[in-house]
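The values are calculated or read from the model by the stated rules, or taken from the named source; none is laboratory data. The structure displayed is predicted, hence computed values, not measured ones. Glycine also receives a Cβ, built like all others from the backbone with ideal geometry; neighbour counts cover every protein chain displayed. Note: accessible area is taken over every heavy atom of the protein model, side chains too, but ligands, DNA and RNA are not part of it. Shrake-Rupley method; radii C 1.70, N 1.55, O 1.52, S 1.80 Å.
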Amino acid sequence: MGDFEEQKTAIEREYPGWLVWRSDAGRWYATRSGDLTDAQLQAGYAMTVAADDSAGLRALLADQARRGGGDP
């Protein structure tokens, strides 16, 4: 699915409130652009998620959205 910038833009549109980047080693990350409360953290919401590829990152972000943690 296209180059990194295209995939990054698509993921950030699909999951607003997350900033996506890729490490030098090629691992994909997304970090929330806002803060979480202690209660949200205890409920399993993550500030940052990491995966080996864009599909894995999307799966992790979908899980966060199912928890109700799409936007802090």
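The slack between R13 and D38, meaning 0.36 nm per residue of separation minus the straight C-alpha distance, is 6.4 nm. Between G26, G56, G17, the residue with the greatest mean-square fluctuation in the GNM of the chain (Cα pairs under 10 Å linked by springs) is G26. Taking only protein heavy atoms and a 1.4 Å probe, the accessible area of the chain is 49% carbon and sulfur.
For the stretch 1-43, trypsin sites (Lys or Arg not before Pro) meeting the loop criterion (DSSP other than H, G, I, E, B) and having at most 16 other Cβ atoms within 10 Å: R27.
Given their separation in residues at 0.36 nm each and the Cα-Cα distance between them, R67 and T31 gain 11.4 nm when the chain is fully extended. Its convex hull of Cα atoms gives the chain a direction-averaged projected area, equal to a quarter of the hull surface, of 4.5 nm². Helix 54-66 axis versus longest C-alpha principal axis of the chain: approximately 20°, rounded to the nearest ten.
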